[in-house]
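Remarks on the structure that follows.
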Amino acid sequence: MKKALIFLFTLTLLFVNIAFATHETAKPAVLYMSDDEQIALARSAAPSFISRDAAIIILNWDGKFKTVRKGTNGFTCYSDVDKIDVPVPSCMDEAALQWWNDFISRKPKPTNKIPGVAYMAQGALRWEKEGKIFMDWHTPGTKRVKEPPHWLLFWPFDPKKTKLPTYPGKFGTSIMYEGTPWVHMMIYQDPMLMNVNVNGDVPDKK
């Protein structure tokens, strides 16, 4: 009985710690998945000719990321980048991964020296209020909105110079997080529609 109470107390602390972390909710869905399920989820973020040779990172039972496979093509695929109740898988190149690591480490600004590319074929989530997108879902009054499949360019694009919108719409391309060091571009195109890349790599046959 005592061991059971200690286990429940430890589990409660785990979820409390996760709940108060930035961009995380109380019950990350991937914690209820097996490693194999998380690996498949991570690979689903990009076409197979990218994800099959990418490093794979999943969420461990303690809420921390763990690498389960090393990559050979410069890409890293996460089973869930947001640790929320809806999985948000993503595959990133090295520059995008640098941007992401800077972000979750709460650095003052990203340090990637070249634009980074990330694929999110399963879509993602954003938090908004009165037509404005917020980085932190804890912001009072924000609502969660589902994003369609898309890909991202992590580079400080200036919406005033590019004349690109700062809110997603029918145009399909927008600038996210305007006015912050974390500004970047989001493109509403399904990465899975890529049949071949410049190197002649093709998706796995199903």
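So is LEU152 surrounded by 15 or more Cβ atoms within 10 Å (Cβ to Cβ), within 19 Å of VAL81 (Cα to Cα), touching a strand residue (DSSP E or B) at 6+ places or on another chain (Cβ under 7 Å) and at pLDDT 85 or above or not?
Criteria met by LEU152.
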Flag if LYS143 is out of contact with any Gly (no Cβ under 6 Å at 6 or more places or on another chain), within 23 Å of TYR188 (Cα to Cα) and free of Cβ contacts under 8 Å to residues at least 24 places away in the same chain: yes
So the check is Cβ under 8 Å with 6+ separation or different chains; which pairs have a first residue in the stretch 46-60 that's of a type outside the set (A, V, I, L, M, F, W, C) and a second one that's outside any loop (DSSP other than H, G, I, E, B) and crowded, with 23+ Cβ neighbours inside 10 Å? PRO47/TYR119; SER51/ALA42; SER51/CYS77; SER51/CYS91
Check whether at least one residue in the stretch 43-56 is within 25 Å of THR111 (Cα to Cα), at pLDDT below 95, in contact with a Pro (Cβ under 9 Å, 6 or more places away or on another chain) and not small (Gly, Ala, Ser), and report yes or no. no
Starting from the stretch 86-111, take each residue that is under 13 Å from PHE154 (Cβ atoms) and without any contact (Cβ under 8 Å) to a residue 60 or more places away in the chain and list its partners that are outside any loop (DSSP other than H, G, I, E, B) and among the acidic types (Asp, Glu), counting only C-beta distances under 7 angstrom and pairs at least six apart or across chains. THR111/ASP102
Single match in THR72, THR76 (criterion: buried (at least 17 other Cβ atoms within 10 Å of the Cβ) and at pLDDT 95 or above): THR76
Filtering the stretch 36-68 down to residues that are charged (D, E, K, R) and surrounded by 14 or more Cβ atoms within 10 Å (Cβ to Cβ), which residue is nearest to ALA118 (Cα to Cα)? ARG43
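The values are calculated or read from the model by the stated rules, or taken from the named source; none is laboratory data. Given the structure is predicted, the values throughout are model-derived calculations rather than measurements. Positions of Cβ are generated from backbone atoms using ideal geometry, with glycine treated the same way; all protein chains shown enter the neighbour counts.
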